[in-house]
Amino acid sequence: MLPATLPTISDAELTAWRGLSYASLANAVLRKFIAADDIDAATLTKLTGDAYTEAVFGSAEITPISSLEKYASGLHLQALSNGPTLAFKDMAMQLLGRLFEFELARKNATLNILGATSGDTGSAAEYAMRGRKGINVFMLSPAGRMSAFQRAQMYSLQEKNIHNIAVDGVFDDCQDIVKAVSNDLAFKHAHNIGTVNSINWGRISAQVVYYVRGYLSATSSNSQKVSFAVPSGNFGNILAGHIAREMGVPIDTLVLATNENNVLAEFFQTGVYRPRPSKETFETSSPSMDISKASNFERFVFHLFNGDAARVKALWTEVDQGRSFDVSQTPEFKGSRERFGIVSGTSTHADRLQTIKAVYETTGRLIDTHTADGVKVAASRIKPGIPMIVLETALPIKFAETVKQAVGFEPALTAQQAEMMKLPQRVVQIAPDVARVKEIIAAA
């Protein structure tokens, strides 16, 4: 799903938005996607005001920008990971939980949320939905492929509306199950199935907000441009940046950073999209990006081919049958870098270790493995006079073992986090089986 046409952000609006709080900016941006007869002005103001507070995100700025200039001239970091689960997914999920609860109460309805996570979406969704009326969450995760901290965040939750399902396989297996259940329309309607993965348009629109905030924070005039570097596996985070750019935010370049699972980087460099099977998906030290079939990429290709749905459907027929496609010789791909401003690169485990160490030694700032992928790929793509903002996608405590390899010590746990790591964990482990997942949903 995509809007038939994207709304635009005018120069006058950008100027007026410079003085807004994050909550007010979110209200203004989201109003462009939400009709007044869907959510009235007073309700949307309350929902955004409740979601984006200092109490939830640790600072009044919500997504503060800090300098990494001592590491690389022109480089900056936008903190997106100060929410309840210490990952950027909280930026959308904290709002989405409130939106869901509002809408369900208005309709006197219930919702079974089915999702797949490579680490951060799951905990963010569960923390946003825990205990909310009318909502059950069924979250699939790849067994043994998340960090110990990520597992503890999810599996230690005891709320009865939270159901964790560990799947023997990789993230793409989990994602395929979610798609299969969602494509069974009879089951979906009978059990009121909804999603919170990055395929949920509400999440993408909420993520557009922090690109607007990042731009406004890094500039003093709308004549200036910025670039963003985005660690990405499922293409949802950078898709929001693409949407912001298409809406009129003066973004020069969007730098897509992948880990060793570099299907997306390969596409933007060659025009070949080659999703890989589970057995060829590497287990890496930036596990939230261990994805070889990106859900949101189809949306970008729809824009690439100017909304030609039949053409996109033909390409994804190939993908769904386990094949690749090559659009390298099309005029649309040949003109895509100039048109969309997307460049790409790959970072390895050795790169992550070196980058975490170097950033810490030069700036005193610890970054996590995924953010390190972003910093590594961004560093060689900085243009003079254009700030390069790396999106911080998680805090280093979530990947403490790798951080220790890089700097010689683990980030300190807070007392609350240390207690969480000791809690009993509640999870069901299954083979990658669509029917079994349906049984679990039906029995809840």
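The values are calculated or read from the model by the stated rules, or taken from the named source; none is laboratory data. Model, not experiment: these values are computed from the prediction. Here the Cβ is made from the backbone with ideal geometry for all residues, glycine too, and neighbour counts use every protein chain on show.
Please tell me if residue 434 is β-branched (Val, Ile, Thr), in contact with a Pro (Cβ under 9 Å, 6 or more places away or on another chain) and more than 23 Å from residue 149 (Cα to Cα). It would help to see each step written out before you state the result.
On the way: β-branched (Val, Ile, Thr): yes; in contact with a Pro (Cβ under 9 Å, 6 or more places away or on another chain): no; more than 23 Å from residue 149 (Cα to Cα): yes.
Judged against the criteria, residue 434 is not a match.
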Looking across segment 108-130 at residues that are hydrophobic (A, V, I, L, M, F, W, C) and not in a helix (DSSP H, G or I), the single one that is farthest from residue 156 (Cα to Cα) is 109
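What number of residues within segment 259-274 are under 20 Å from residue 319 (Cα atoms) and either of a type in the set (A, V, I, L, M, F, W, C) or under 19 Å from the mean Cα position of the chain (by Cα) (or both)?
Within segment 259-274, the first condition is being under 20 Å from residue 319 (Cα atoms), and the residues that meet it are 261-274.
Retained after the next criterion (residues that are either of a type in the set (A, V, I, L, M, F, W, C) or under 19 Å from the mean Cα position of the chain (by Cα) (or both)): 261-265, 267-268, 272.
Residues in segment 259-274 being under 20 Å from residue 319 (Cα atoms) and either of a type in the set (A, V, I, L, M, F, W, C) or under 19 Å from the mean Cα position of the chain (by Cα) (or both): 8 in total.
Pick out, from segment 344-444, the helices (runs of 4 or more DSSP H) lying fully within it that include 3 or more residues that are of a type in the set (Ser, Thr, Tyr).
Values: elements: 349-363, 369-379, 400-407, 415-422, 434-443.
Result: 349-363.
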From the set of residues in segment 55-74 that are part of a strand (DSSP E or B) and within 21 Å of the chain's Cα centre (by Cα), which is farthest from residue 127 (Cα to Cα)? 66
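Being surrounded by 23 or more Cβ atoms within 10 Å (Cβ to Cβ), in contact with a Phe, Trp or Tyr (Cβ under 7 Å, 6 or more places away or on another chain) and under 30 Å from residue 222 (Cβ atoms) is the filter here, so list the residues in segment 345-391 that pass it. Walk me through how you get there before you give the answer.
Initial filter on segment 345-391 (surrounded by 23 or more Cβ atoms within 10 Å (Cβ to Cβ)): 347, 352, 355-356, 359, 367-378, 387-391.
Add one more test, that the residue is in contact with a Phe, Trp or Tyr (Cβ under 7 Å, 6 or more places away or on another chain), and what stays is 359, 368-369, 389, 391.
The answer is 389, 391.
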Index of the failed condition, residue 110 passing every other in (1) within 16 Å of the chain's Cα centre (by Cα); (2) in contact (Cβ under 8 Å) with a residue 40 or more places away in the chain: (1)
What are the residues in segment 31-48 that are within 10 Å of residue 98 (Cβ to Cβ), in contact (Cβ under 8 Å) with a residue 24 or more places away in the chain and not polar (S, T, N, Q), if any? 47
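Residues that are touching a residue at least 24 places away in the same chain (Cβ under 8 Å), at least 3 per element: which helices (runs of 4 or more DSSP H) completely within segment 151-237 meet that? I'd like the intermediate steps shown before the answer.
Working: elements: 171-183, 185-190, 201-218.
Qualifying helices (runs of 4 or more DSSP H): 171-183, 201-218.
Please state which one of 135, 193 is β-branched (Val, Ile, Thr), buried (at least 20 other Cβ atoms within 10 Å of the Cβ) and farther than 30 Å from residue 419 by Cα.
Step by step, each of 135, 193 is checked, and only 193 is β-branched (Val, Ile, Thr), buried (at least 20 other Cβ atoms within 10 Å of the Cβ) and farther than 30 Å from residue 419 by Cα.
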Taking segment 263-272 and keeping residues touching an Asp or Glu at 6+ places or on another chain (Cβ under 8 Å) and aromatic (Phe, Trp, Tyr) leaves none
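Yes or no: residue 52 at pLDDT 95 or above, among the aromatic types (Phe, Trp, Tyr) and under 21 Å from the mean Cα position of the chain (by Cα)? Reasoning before the result, please.
On the way: at pLDDT 95 or above: yes; among the aromatic types (Phe, Trp, Tyr): yes; under 21 Å from the mean Cα position of the chain (by Cα): yes.
The answer is yes for residue 52.
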So is residue 39 at negative phi and over 22 Å from the mean Cα position of the chain (by Cα) or not? yes
